[in-house]
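The values are calculated or read from the model by the stated rules, or taken from the named source; none is laboratory data. Keep in mind that this is a model prediction, so the values were computed, not measured. Here Cβ is always computed from backbone atoms with ideal geometry, including for glycine, and neighbour counts include all displayed protein chains.
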Amino acid sequence: MHFLTYAACFFVGFSFLSVQASETDALPDGEDLLQPFDFFGTVTGDVELGYLYTSGNTDSFAIRLNSELVHDLEYFRNKYHLQGLIQKNNDLDIESGEKRRKTTANSYGFSGQSNYKIVTGRQTIFGRGAYFHNKFGAFTEQASLVIGYGNRLYEKQASYFDLETGPGYGHQLSSKGVSNTGLLWYLSANLDYAFNETSKFRQTLEGSISLSGENSVFLSRSSITTKLIDKLSMRLSYVVKYNSRPEGNLKGLETETSSSIVYTF
């Protein structure tokens, strides 16, 4: 099942790239190109890195990596999101006096989405693939494939507001090794708002609602980014993830608060 899920993600991504590569041939006869095709288009985004180290009775360190990229073409807008978190603790054993290292957080994930722009470019049809692994979470693996409709309701300079929704197929592996797959309904709202030239607010809301009564996932990512110098910024982030049906005594609600340095390009 895992192989099929990964293969499906690869197939969707390859299909969208193939369509993009031939987009100039798909235009009706006599219609002029808006601009010569350029595969690389315009790439914008940032890479975020956070590090925490403590020492004393408990020695620990945590590394957080997050990257969000937007690849904008004439007829397509592609989005990529990579994330990772690892934390290790050296706890002092009072009886033996020795410190024992253990991993307390270990997660990573990625998502890729391609939006085909309809008419004015504000309305789109999209395909999306995502995978998330969390060794200590309520679900060890969560993956999904989605197709749907999106609409950019507001856009002004660096600010925008998107709504997207559509059906999909999901796979989940619980912390106890129980696997379930089934149809889902995906919806999301994405807001980027620039206060000024140096500060901006970003809010993402996502929901993958199971249509077969299994676990549903809801995610909220909030952040404020302030420019420090040149392309370096500081970002404060707050992430909330909710699983509706965790197993055993595991909590369905997980939160993460972080402060990171961001490189923007």
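Table for the structure above
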quantity	calculated
Top-ranked residue of the range 206-219 - restricted to ones that are out of contact with any Lys or Arg (no Cβ under 8 Å at 6 or more places or on another chain), surrounded by fewer than 18 Cβ atoms within 10 Å (Cβ to Cβ) and modelled with pLDDT of 95 or more, ranked as farthest from Ser188 (Cα to Cα)	Leu211
Arg122 charged (D, E, K, R), under 30 Å from Tyr169 (Cα atoms) and at pLDDT 95 or above	no
Hits in the range 230-265 (condition: over 21 Å from the mean Cα position of the chain (by Cα) and closer than 18 Å to Phe201 by Cα)	Lys231, Leu232
Residue in the range 98-112 that is over 20 Å from Gly168 (Cβ atoms), under 15 Å from the mean Cα position of the chain (by Cα), aliphatic (A, V, I, L, M) and surrounded by 14 or more Cβ atoms within 10 Å (Cβ to Cβ) present	no
In the range 224-265, the residues that are surrounded by 11 or more Cβ atoms within 10 Å (Cβ to Cβ), aromatic (Phe, Trp, Tyr) and over 30 Å from Gly177 (Cβ atoms)	Tyr238, Tyr263
Residue pairs meeting the criteria (Cβ under 6 Å; at least 6 apart or on separate chains; first at negative phi, in the range 102-128; second in a strand (DSSP E or B) and among the basic types (Lys, Arg))	Thr103/Lys88; Gln113/Lys79; Gln113/Arg128; Asn115/Arg77; Arg122/Arg152; Thr124/Lys117
Any hit, the range 172-184, residues being modelled with pLDDT of 95 or more, within 25 Å of Thr140 (Cα to Cα) and surrounded by fewer than 16 Cβ atoms within 10 Å (Cβ to Cβ)	yes
Tally of residues being in contact with a strand residue (DSSP E or B) (Cβ under 7 Å, 6 or more places away or on another chain) and not in a strand (DSSP E or B) across the range 212-250	6
